[in-house]
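Written below as structure tokens is the structure these notes are about.
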Amino acid sequence: MINYKEKLHKIKAFVFDFDGVMTDGSVWTYADGETVRAGNVKDGYAIQYAVKKGYIVAVISGATSASIENRMKSLGVTQIYMGCASKIDTFRNFLEKNGLSEEEVLCMGDDIPDYEILKASGVATCPADAATEIKEIADYISIFPGGRGCARDVIEQTLRLQQMWFQHDALDW
């Protein structure tokens, strides 16, 4: 079996689930029906950095929320797919739209709805607190739980391996 770090050399894109990956899975619901989620600034930094370095970053989520869209757009992510009943269909459309092969995509998910896209991706990753079924198929299980730096973990590992992490030109932004 190939070490997951060997697979990171081919990565050109990152696909993340939102709830349980970008958040700890908590959803606060107010009386007016508005829902709020808390993200991690370190995850956010890594996401916007990857975008600035030319990587494609996308979110494929079963949830539908303006807060998800607003958060991701603020980080430079433009490929935001919400309300996905079939994440695998969305994933295949994402590959085609961007001219990517499965091997060029790292996916991170935390629960059963992410199973198929993780199986189809070049590198399947998950947070430390992912469902057992997801951990069983993951090439890499982050040491960080969802919403606590797991997205930063996989982005940073990939960019470091490709010698794209923290170049001094980043300080000129």
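Mind checking which residues of region 37-60 are at pLDDT 95 or above, assigned to a loop (DSSP other than H, G, I, E, B) and buried (at least 16 other Cβ atoms within 10 Å of the Cβ)?
Result: Y55, single match.
Out of region 75-105, which residues are among the hydroxyl-bearing types (S, T, Y) and modelled with pLDDT under 95?
Scanning region 75-105 gives a single hit, S86.
Go through (1) more than 25 Å from T90 (Cβ to Cβ); (2) part of a strand (DSSP E or B) one by one and return the number of the condition F14 breaks.
That leaves (1) as the condition not met.
Can you tell me which residue in region 81-127 is farthest from the chain's Cα centre (by Cα), limited to those that are within 22 Å of N3 (Cβ to Cβ) and exposed (fewer than 15 other Cβ atoms within 10 Å of the Cβ)?
Here the residue is S101.
Restricting attention to region 143-163, does a residue exist that is out of contact with any Gly (no Cβ under 9 Å at 6 or more places or on another chain), at negative phi, surrounded by fewer than 17 Cβ atoms within 10 Å (Cβ to Cβ) and assigned to a loop (DSSP other than H, G, I, E, B)?
Among the residues of region 143-163, at least one is out of contact with any Gly (no Cβ under 9 Å at 6 or more places or on another chain), at negative phi, surrounded by fewer than 17 Cβ atoms within 10 Å (Cβ to Cβ) and assigned to a loop (DSSP other than H, G, I, E, B), which makes the answer yes.
Go over the candidates M72, M22 one by one and state the one that is part of a helix (DSSP H, G or I), buried (at least 17 other Cβ atoms within 10 Å of the Cβ) and hydrophobic (A, V, I, L, M, F, W, C).
M72
Can you name the residue in region 9-36 that is aliphatic (A, V, I, L, M) and modelled with pLDDT under 95 and, of all such residues, is nearest to the chain's Cα centre (by Cα)?
Step by step, filter region 9-36, then rank; the result is M22.
Restricting the first residue to region 44-63 and requiring it to be under 11 Å from G76 (Cα atoms), which pairs with a second residue that is polar (S, T, N, Q) meet a Cβ separation below 7 Å and a spacing of at least six or different chains?
Going by the 7 Å Cβ cut-off, the qualifying pairs are I56/Q79; I56/N98; A58/Q79.
The values are calculated or read from the model by the stated rules, or taken from the named source; none is laboratory data. Note that this is a predicted model, so its numbers are computed, not measured. Please note: Cβ atoms are built from the backbone with ideal geometry, for glycine as well, and neighbour counts cover all protein chains shown.
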